[in-house]
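Peer 1: Below is a structure I'd like to ask you about.
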Amino acid sequence: MSTIEKEDGIQIGKRLHNKVAIITGGANGIGRETAFQFVREGAKVVLADFDQAAGEEVLNQLTAQGAAAIFQKVDVSKVESVKQMVETALNTYGKIDILINNAGITRDGMLTKLTPEQWQTVIDVNLSGVFYCTQAVITHMIEQGKGKIINTSSISGVYGNIGQTNYAATKAGVVGMTKTWAKELGRKGICVNAVAPGFIETGMTAKVPEKVIEKMIEKIPLQRLGKPSDIAKAYLFLASDDSDYVNGTVLHVDGGIMI
């Protein structure tokens, strides 16, 4: 791939050159890896996360490498917090080209034991948060005549998962919103797609017992868990001009477990 050399000597690709991307949940795991992938491809990044300490640490790492990035603390379940995030992005960079709705949480429990609080907290972050963030950026994207919205679903939202009624419901809902927005916004020059990760090596899977992980791997044709970079690369494709005719799709990045 051809590259552009910045003044500080860092080599970056052209795929997101001068694009501005908001990445929610950008302080850890997949979001963190996505931030590094995007700046390597020339993007200016808004790291948006509720975890301020982790977000500022990632920001320092990015800026130390000469990247154009800012951190914005945000609670995606709160409309006003989301509006402030978008306002900060526009005030800093003057535009928003890409929104990665990556923020998400789990509060697992079997149906018979799942509490109303567990249900609502996951709905607020994983489903309402995607709606709030997208609605907050969409007017600007419509005005500029182009944009990329990438939502994070999950294989749990496609075929369900024991003990994840709330999580699976939100991730299925994300698919429904993705397809609806693709129809509404495609005529405005905006592509809306989703990525459905399989079992990925993140802080969430680190808490899963080793025997359970082994059983997961047995079901995956590629015989390994995914890495955050596997998802970040999928985000990169959908965020770039390479995917300008991809709209309303759900890209499964799961090692073939859904076969």
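Peer 1: Could you check residue 241 against (1) surrounded by fewer than 22 Cβ atoms within 10 Å (Cβ to Cβ); (2) within 25 Å of residue 125 (Cβ to Cβ); (3) not small (Gly, Ala, Ser) and say which number it fails?
Peer 2: Only one criterion in (1) surrounded by fewer than 22 Cβ atoms within 10 Å (Cβ to Cβ); (2) within 25 Å of residue 125 (Cβ to Cβ); (3) not small (Gly, Ala, Ser) is unmet by residue 241, namely (2).
Peer 1: Only residues in the stretch 231-259 that are in contact (Cβ under 8 Å) with a residue 24 or more places away in the chain count as the first member; pair them with residues that are of a type in the set (Ser, Thr, Tyr) and crowded, with 20+ Cβ neighbours inside 10 Å, Cβ under 7 angstrom, at least 6 apart or cross-chain, and list the lot.
Peer 2: 232/34; 235/34; 248/178; 250/153; 250/178
Peer 1: Among what's in the stretch 142-153 and is within 30 Å of residue 106 (Cα to Cα) and in contact with an Asp or Glu (Cβ under 9 Å, 6 or more places away or on another chain), pick the residue that is surrounded by the most Cβ atoms within 10 Å (Cβ to Cβ).
Peer 2: Going through the qualifying residues, I end up with 148.
Peer 1: Please go through the stretch 201-259 and pick out each residue that is hydrophobic (A, V, I, L, M, F, W, C) and within 14 Å of the chain's Cα centre (by Cα).
Peer 2: Residues satisfying the conditions are 231, 232, 234, 236, 237, 238, 239, 250, 251, 253.
Peer 1: Another question about this same structure. Looking at the stretch 108-118, is at least one residue surrounded by 15 or more Cβ atoms within 10 Å (Cβ to Cβ), at pLDDT 95 or above and basic (Lys, Arg)?
Peer 2: Within the stretch 108-118 (the criterion being surrounded by 15 or more Cβ atoms within 10 Å (Cβ to Cβ), at pLDDT 95 or above and basic (Lys, Arg)), the answer is no, since none of the residues qualifies.
Peer 1: Scanning the stretch 164-196 for residues that are in contact with a strand residue (DSSP E or B) (Cβ under 6 Å, 6 or more places away or on another chain) and of a type in the set (Gly, Ala, Ser), which turns out surrounded by the most Cβ atoms within 10 Å (Cβ to Cβ)?
Peer 2: Looking at residues that are in contact with a strand residue (DSSP E or B) (Cβ under 6 Å, 6 or more places away or on another chain) and of a type in the set (Gly, Ala, Ser), I get 194.
Peer 1: Could you tell me which of the residues 48, 35, 43 is out of contact with any helix residue (DSSP H, G or I) (no Cβ under 6 Å at 6 or more places or on another chain), touching a residue at least 40 places away in the same chain (Cβ under 8 Å) and not polar (S, T, N, Q)?
Peer 2: 43
The values are calculated or read from the model by the stated rules, or taken from the named source; none is laboratory data. Given the structure is predicted, the values throughout are model-derived calculations rather than measurements. For neighbour counting, all protein chains shown are included, and Cβ atoms are generated from backbone atoms with ideal geometry for every residue, glycine included.
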